[in-house]
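First the structure, in the form of structure tokens, and then the observations on it.
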Amino acid sequence: MNYTPQIIETFKASSVERILIIDDAYDPPNFDPDFGGDMLDILSSANVDLREHVNEHALSGEDLEAAIDALNTNDLDDSAIPAALAALYRVFVETRADTVDPGGVFTAVKGAALDVLDPLVDLLHRCSNDPRVVKVGMGEAVRASGELQPDLIFMDFYLSPPERTTKDLTKGQWDGDRDRSINLLKSILAALAAGVPAVVLMSSQDVSNRKDAYLGRLENRVMGLRFGFLLKDWVQGRGQDLTATGDAADVLMDTSGSFEFGRTLETSLKAWKDGAEEALNQLYSELREFDVKDFAYLLRFRLYEEGEPFADYLEWFLGDSLRAIVDDRVDWNTCEFRRLNDRPLTEAIEGAHPFPSPRLASFFHRLRFNSRDSRPRGRFALGDLFVSPNHRSVRMVISPDCDLIPRNRKATHILTIGGSIRGLHEDHAWAGELIFHNSPKAIKWNYKDLMTHEFGACSSLQVDGKSYAYFASMRPMSAQTIQKAVLADLSRVGLAVPPTVDVGAPVKVYLKKKVGTQGIVEELNGLKESRAQVFMPRGGKDLKRRVLFTSRFFRELLARLQGLSEDDLLCDHRGYWRDWLAQAENVREAMLRHGLELPGEGLHKLQTSIGKPKKKSWIEIVVDISEDALLDLRGTDPLEQ
């Protein structure tokens, strides 16, 4: 299937206006005396094509004459010669005219590389009614980016120097070409710091698995959500024969569709980062103004007597102070922060992530829990969480801290509440009670399960003869929410909106086919990217999981269904099949944008199930969100990171 029309439509609907293509194919070859005579003939003939494409600013009449004189006198070190050669090459890139190709050297050295790029250039020129697509090599890239201020940069993964003529490269040469690309892109992005463009790496080789490593060396100059990879031969042909594969559609439509949201988000996060850095500097400056006695008396008259470690006190004192100053320093009233509240800004973003990861869940877990890895605990504290040996049950300390500090402690027991760890495939796994325990899970609290324990070593908790191991400490706001719920079912303290927590899960598709007069359920094997992104329900009235699929998975499934005939299906199912194909775009939107309920029945009797097929519908997508399946899926287990 040719996705050229969809790519063009998505680009035209976006705000991408200025595109810069950087590739060593656009660098002129080095001058060689072997074609000096041919070059002299072209320059001396006052070639019409030359002046049509190269104006006086690019190659003045004076420089043209200087190049002719240098060639006539065999002064091959004169700078006018490479300047004139570059001018001729710019004409050749646009026209491929033999009349500006000295001795055919441009065609021999650069022709094949230019031919590979031409389809992409053709496509990008169609993506706007008034396109500004600029093509440059390494030598002109920094200048051109400064003049153009591009919204989108296509950067060659490997940039070879102009003197390179052989294609048989050593590993050192490949690494050098990659480093040359990285360093050039870093320079460009640093100069464009006020308006960082989106970036698409491109290559004639499939180095998509090296994209993240490349991104990591850009020193946080561009965000991952605005960084893609394009294999050059994903776009082929010219004119009416121009074709773009589904893989090209994925990266180009994602890049253009998410462009405005990505730019707004990146600008907002940069504003937050600037404010946070100012706040940190201000806090440190204020700390340096304290007298040594301020801290000495705090320790002597308060912390020593209370038995509290100074580090624990500083965590609260400095952490909350920094948060307060950050809130003052960040300019929250910028148009970018306001625009992030506009719902249409994210409407063009669709489809599950091809490689789902628990990164966001880990982020929210860190907001809720302190692992205390770098600061050992000296006592029990409100929020301390202990996990049972079978990793299914938990107990959390809900005694107030004033009863737990060593100073004149009169309390003889600790009060805890019990709960159970629920996997995503189990009921009552709400995102608002997130815990990251090998994978995203939730805690179901039992407010009637209260228990007291005698004080002992704080590394474990004895429960009915079993030793529960310390896992982490819930942060004060979250712990106080549970504490308050235990004491009284009053107003809650906590997150107004639970986090969006998701995991990657494998999927299988089952089709009920007609065999004789019976319907036999068969698995559709061989579907690419047969995995999905499954979202936890938030709780309350939202009790169903929601599942998103990748664009490639949908395309493959659609192709399989298009390959069927009515005779393959039972009579009662043929209408659903025809409607599915006729309204494939609606199904695509449901599977890639809105998500399907899991379990549930979607458009045209598309059934989704968990674990095993129910075999009740003509087509059924089964998602395996069991613990073992999640851990086996690449990117779900945090220990792999």
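Using beta carbons and a limit of 6 Å, which pairs, at least six apart or on different chains, have the first residue in the stretch 147-174 and part of a helix (DSSP H, G or I) and the second one buried (at least 23 other Cβ atoms within 10 Å of the Cβ)? Here the result reads LEU148/LEU20, each pair linking the stretch 147-174 to a residue that is buried (at least 23 other Cβ atoms within 10 Å of the Cβ). Scanning the stretch 324-345 for residues being in a helix (DSSP H, G or I) and closer than 23 Å to LEU283 by Cβ gives a total of 7. For first residues located in the stretch 16-32 and in contact (Cβ under 8 Å) with a residue 40 or more places away in the chain and farther than 30 Å from ASN129 by Cβ, partners that are crowded, with 22+ Cβ neighbours inside 10 Å and of a type in the set (S, T, N, Q) and lie 6+ apart or on another chain with Cβ distances below 7 Å form the pairs ASP24/SER160. Filtered by the rule that a residue be small (Gly, Ala, Ser) and either assigned by TED's automatic domain parsing to the domain that holds MET536 or free of Cβ contacts under 8 Å to residues at least 60 places away in the same chain (or both), the stretch 363-388 gives a lone residue, SER374.
Residue by residue through the stretch 355-394, note down the ones that are of a type in the set (S, T, N, Q) and either closer than 27 Å to PHE310 by Cα or not in a loop (DSSP other than H, G, I, E, B) (or both).
SER362, ASN370, SER371, SER374, SER393
Of all positions in the stretch 425-448, none carries a residue that is buried (at least 17 other Cβ atoms within 10 Å of the Cβ), more than 38 Å from the chain's Cα centre (by Cα) and within 21 Å of SER371 (Cβ to Cβ).
Within the stretch 203-220, identify whether any single residue is modelled with pLDDT under 85, in the same structural domain as LEU123 (by TED's automatic domain parsing) and within 30 Å of VAL116 (Cα to Cα), and answer yes or no. No.
Within the stretch 395-407, one or more residues are in a loop (DSSP other than H, G, I, E, B) and touching a Phe, Trp or Tyr at 6+ places or on another chain (Cβ under 7 Å). Filtering the stretch 495-516 to residues that are surrounded by fewer than 16 Cβ atoms within 10 Å (Cβ to Cβ) and modelled with pLDDT under 85 leaves ALA496, VAL497, THR500. Looking across the stretch 1-22 at every residue that is more than 22 Å from the chain's Cα centre (by Cα) and in a loop (DSSP other than H, G, I, E, B), the one that is farthest from ALA144 (Cα to Cα) is identified as MET1.
Can you spot a residue in the stretch 94-107 that is in the same structural domain as ALA248 (by TED's automatic domain parsing), in contact with a Pro (Cβ under 9 Å, 6 or more places away or on another chain) and farther than 30 Å from PRO344 by Cβ?
Yes, because at least one residue in the stretch 94-107 is in the same structural domain as ALA248 (by TED's automatic domain parsing), in contact with a Pro (Cβ under 9 Å, 6 or more places away or on another chain) and farther than 30 Å from PRO344 by Cβ.
Among the residues of the stretch 534-549, those identified as of a type outside the set (A, V, I, L, M) and either in contact with a strand residue (DSSP E or B) (Cβ under 7 Å, 6 or more places away or on another chain) or modelled with pLDDT of 90 or more (or both) are PHE535, PRO537, LYS544, ARG545, ARG546, PHE549.
The values are calculated or read from the model by the stated rules, or taken from the named source; none is laboratory data. On a predicted model such as this, the values are computed, not experimentally measured, just so you know. All Cβ positions, even for glycine, are placed from backbone atoms using ideal geometry, and neighbour counts span all protein chains on display.
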